[in-house]
Amino acid sequence: GELDGKTYPMTKDEAGVWSITVGPWAPDVYNYQFNVDGIVAMDPVNPSVKLGFGAFPPANLVEVPTTDGALAFYDAKNVPHGTVRIETYHSKSLGVPRTLWIYTPPGYDSGNQRYPVLYLLHGAGNVDSSWMMTGRANLILDNLIAEGKARPMIIVNPLGYARQGVSLGPEITGTPTPGAGLTAQAGIPPQTVGFANDLLKDVLPFVESKFRTMRGPENRALGGLSMGGGHTVQIGLNNTDTFRSLVVMSAGAQNAETTYPAFFADAAAINKKMKLLWIGVGKDDFALNGSNALAASLKTAGINHTFRLTEGRHEWVIWRHYLNEVAPLLFR
């Protein structure tokens, strides 16, 4: 179970049915897997799936409903809904086709209004669809917008690895890997350079040419969880003329002031420039040390930021809650 990281032995009844009773658990959406004789297996009758990638196997999702029958902030309520679309583009930076999952708010297709954009990044073991399919980002925003709590915004979910998009053709194998020839930038480690170039030089121009976006850095936010939170730190602190709001979930940085000297050089100037610097992490998250370190660096430097230490581990449960909490703070 995602909630506590434990395994629960199932027992077999006289009819041959294996079962286990767990809980009670707080209302939320959790993931689970079956371990059958050492083999991690999916639930064959549950269509709700959290996709996995790399070293992270897929899992099934189960929702524990609220006790009073009310729908939660991440459920589909009877409100105006935005649209989730998949856009395919050819990355010049990486030389491969890739996809973006993009949320446009209610009314986008019938009007001519322009909107600010949140570039929202996934973690290791996730893919470009994860924030919508597992994180329910579209439903969370639908509900916030309907309640007047968040500004209508576009959300863009790119693929966080320097590689071809998933299911777009034959896999490209061997070396060099996509983006291998790109030059590293200060503070952006080699493993992030390919993604950073794609985001800044391919994704942003694509989105801003194809969608009715509000231009200017104050109308762009960059955020992400885990690996995507790391990307947000590495790219965001180096590109304050592109993104004026940064949302770091379950990630951080040790010695940020030495890794990103330009960002820390003039606290007054950064405080004037940046609209939001938000860091959130769970008390039982293995990323806690990095998040604490980044918050401490910002505090010592006198740079305005919000640090949210909450209950929870390194899991989608807290990331849904963080998006629900931080989206109303964006583009104010």
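The values are calculated or read from the model by the stated rules, or taken from the named source; none is laboratory data. Model, not experiment: these values are computed from the prediction. Backbone-built Cβ (ideal geometry, glycine too); neighbour counts: all protein chains shown. Only protein heavy atoms, including side chains, enter the accessible area calculation; ligands, DNA and RNA are left aside. Shrake-Rupley method; radii C 1.70, N 1.55, O 1.52, S 1.80 Å.
Looking across segment 201-230, just one residue is crowded, with 19+ Cβ neighbours inside 10 Å and basic (Lys, Arg), and that is Arg220. Residues considered: Pro9, Pro24, Pro44, Pro80. Of these, the only one that is part of a loop (DSSP other than H, G, I, E, B), modelled with pLDDT of 95 or more, of a type outside the set (Gly, Ala, Ser) and surrounded by fewer than 13 Cβ atoms within 10 Å (Cβ to Cβ) is Pro80. Restricting segment 291-319 to residues that are polar (S, T, N, Q) and more than 19 Å from Ser245 (Cβ to Cβ), the residue that is most open to solvent (accessible area, probe 1.4 Å) is Thr300. Just wondering, is there one or more residues in segment 116-127 that are more than 28 Å from Phe56 (Cα to Cα), out of contact with any Pro (no Cβ under 8 Å at 6 or more places or on another chain), surrounded by 13 or more Cβ atoms within 10 Å (Cβ to Cβ) and at pLDDT 95 or above? Scanning segment 116-127 turns up at least one residue that is more than 28 Å from Phe56 (Cα to Cα), out of contact with any Pro (no Cβ under 8 Å at 6 or more places or on another chain), surrounded by 13 or more Cβ atoms within 10 Å (Cβ to Cβ) and at pLDDT 95 or above. In the condition set (1) hydrophobic (A, V, I, L, M, F, W, C); (2) under 23 Å from the mean Cα position of the chain (by Cα); (3) in a loop (DSSP other than H, G, I, E, B), Ala293 is compliant with all but (3). Scan segment 127-146 for residues that are over 20 Å from Val117 (Cβ atoms) and free of Cβ contacts under 8 Å to residues at least 60 places away in the same chain and the total you get is 0.
Taking the residues in segment 265-283 that are without any contact (Cβ under 8 Å) to a residue 40 or more places away in the chain and in contact with a His (Cβ under 8 Å, 6 or more places away or on another chain) as candidates, determine which candidate is nearest to His314 (Cα to Cα). Checked segment 265-283; the qualifying residue nearest to His314 (Cα to Cα) is Gly282. Residues in segment 238-271 that are at positive phi and surrounded by fewer than 19 Cβ atoms within 10 Å (Cβ to Cβ): Asn255 only. Of all residues in segment 92-107, those being at pLDDT 95 or above and either buried (at least 18 other Cβ atoms within 10 Å of the Cβ) or within 13 Å of the chain's Cα centre (by Cα) (or both) number 8.
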